[in-house]
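Q: After the structure tokens below, expect a handful of questions from me.
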Amino acid sequence: MEFASELARVLPEDIPHRDLLIEKSAAHLSLILRANEHFNLTRIISAPEAAIKHVFDSVAPWRFFASARRVLDAGTGAGFPGVPLSVVLPNVRFTLAESTQKKARFVDSAVESLHLPNVEVLADRAEQIALAQRPDIITARAVAPIHRLLDLFAKPLKQGATLILYKGPEVEAELADARRHRIKVEELWRYELPDGMGTRVVLALCT
């Protein structure tokens, strides 16, 4: 499948390490495609959709992660957004948390195959990892509603972590439900996915 040509078509020209990102992401998506024959990692397997909804979507807000020392990707699934972001930001340490053992083993194998020295994969609950590692940023993509994430990461947020979330355009209802928490919410960016594949909102939440 022509993942590389689709990635070259849709990824921004000014993204850091773009050629390497295309190479590593094409290999990552190929690994996912093969693993998907044995267990369900993702429903998104066509080249255009995978390039946009997995890779472009993961790296589009890269600037908001660039100053972090350590980032925790909570519920990384098949490795998103952590794997693509780690290629764009080689000086940032990424921990990819996945409590489903089968998925964690896949991502660990993929990270080793892709030679990503700034990434570790832990098969544990992200909220426990966050307390142990004290990351600067905790990120999550299509994992849980905001109020649930705020419950899970209440202690790390009090310790100074920032929660950066990828959300769809209908985020107001979730925010209203989350207002019982005493948090600051900032909409960092709202962007359109290529080929009309939807709108994303990037939020930062901190105490």
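The values are calculated or read from the model by the stated rules, or taken from the named source; none is laboratory data. Note that the structure is a prediction, hence the values are computed from the model and not measured. Glycine also receives a Cβ, built like all others from the backbone with ideal geometry; neighbour counts cover every protein chain displayed. Each accessible area value is taken on the protein alone, full model and side chains, heavy atoms only, with ligands, DNA and RNA left out. Shrake-Rupley method; radii C 1.70, N 1.55, O 1.52, S 1.80 Å.
Listed here are the residues, each with its yes/no results for (1) surrounded by 16 or more Cβ atoms within 10 Å (Cβ to Cβ); (2) touching a residue at least 40 places away in the same chain (Cβ under 8 Å); (3) in a helix (DSSP H, G or I).
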site	(1), (2), (3)
A4	yes, no, yes
L7	yes, yes, yes
P12	no, yes, no
P16	no, yes, no
I22	yes, no, yes
H28	yes, yes, yes
L33	yes, no, yes
T42	yes, no, no
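Q: Moving on to the next point. Criterion first (in a strand (DSSP E or B) and open to solvent by less than 20 Å² (accessible area, probe 1.4 Å)) does L96 satisfy it? Give the steps one after another, and end with the answer.
A: Values: in a strand (DSSP E or B): yes; open to solvent by less than 20 Å² (accessible area, probe 1.4 Å): yes.
When the stated conditions are applied, L96 passes them.
Q: Is it the case that some residue within the range 160-169 is surrounded by fewer than 16 Cβ atoms within 10 Å (Cβ to Cβ) and hydrophobic (A, V, I, L, M, F, W, C)?
A: Quick first cut of the range 160-169, residues surrounded by fewer than 16 Cβ atoms within 10 Å (Cβ to Cβ) only: 160, 168-169.
Okay, now just the ones that are also hydrophobic (A, V, I, L, M, F, W, C), so none.
No: zero hits.
Q: For T76, which of the numbered conditions (1) in a loop (DSSP other than H, G, I, E, B); (2) open to solvent by less than 10 Å² (accessible area, probe 1.4 Å); (3) over 18 Å from T162 (Cα atoms) fails to hold?
A: Checking T76 against (1) in a loop (DSSP other than H, G, I, E, B); (2) open to solvent by less than 10 Å² (accessible area, probe 1.4 Å); (3) over 18 Å from T162 (Cα atoms), the one that fails is (3).
Q: If you check D57 against the conditions, is it touching a strand residue (DSSP E or B) at 6+ places or on another chain (Cβ under 9 Å), in a helix (DSSP H, G or I) and under 30 Å from G160 (Cβ atoms)?
A: Values: touching a strand residue (DSSP E or B) at 6+ places or on another chain (Cβ under 9 Å): yes; in a helix (DSSP H, G or I): yes; under 30 Å from G160 (Cβ atoms): yes.
Here the answer is yes, as D57 does meet what is asked.
Q: L116 passes all but one of (1) among the hydrophobic types (A, V, I, L, M, F, W, C); (2) open to solvent by 10 Å² or more (accessible area, probe 1.4 Å); (3) not in a loop (DSSP other than H, G, I, E, B); which number fails?
A: Evaluating L116 over (1) among the hydrophobic types (A, V, I, L, M, F, W, C); (2) open to solvent by 10 Å² or more (accessible area, probe 1.4 Å); (3) not in a loop (DSSP other than H, G, I, E, B) leaves (3) as the failure.
Q: Picking from L175, L157, which residue would you name as being among the hydrophobic types (A, V, I, L, M, F, W, C), touching a residue at least 24 places away in the same chain (Cβ under 8 Å), surrounded by fewer than 19 Cβ atoms within 10 Å (Cβ to Cβ) and assigned to a helix (DSSP H, G or I)?
A: L175
Q: Another one. Any idea which of A144, A140 is touching a residue at least 60 places away in the same chain (Cβ under 8 Å), within 15 Å of the chain's Cα centre (by Cα) and more than 20 Å from F65 (Cα to Cα)?
A: It is A144.
Q: Next up: Regarding R43, is this residue modelled with pLDDT under 95 and either out of contact with any helix residue (DSSP H, G or I) (no Cβ under 7 Å at 6 or more places or on another chain) or farther than 19 Å from L21 by Cβ (or both)?
A: Working: modelled with pLDDT under 95: yes; either out of contact with any helix residue (DSSP H, G or I) (no Cβ under 7 Å at 6 or more places or on another chain) or farther than 19 Å from L21 by Cβ (or both): yes.
The answer is yes for R43.
Q: Same structure, new question: Among the numbered conditions (1) in contact with a Ser or Thr (Cβ under 6 Å, 6 or more places away or on another chain); (2) assigned to a strand (DSSP E or B), tell me where A140 comes up short.
A: Looking at each condition in turn, A140 falls short on (1).
Q: Sticking with this structure for a sec: Pairs please, first residue from the range 98-110 and free of Cβ contacts under 8 Å to residues at least 40 places away in the same chain and within 19 Å of P81 (Cβ to Cβ), second anywhere and assigned to a helix (DSSP H, G or I) and of a type outside the set (S, T, N, Q), Cβ atoms under 7 Å, 6+ apart in sequence or on different chains.
A: E98/A104; E98/V107
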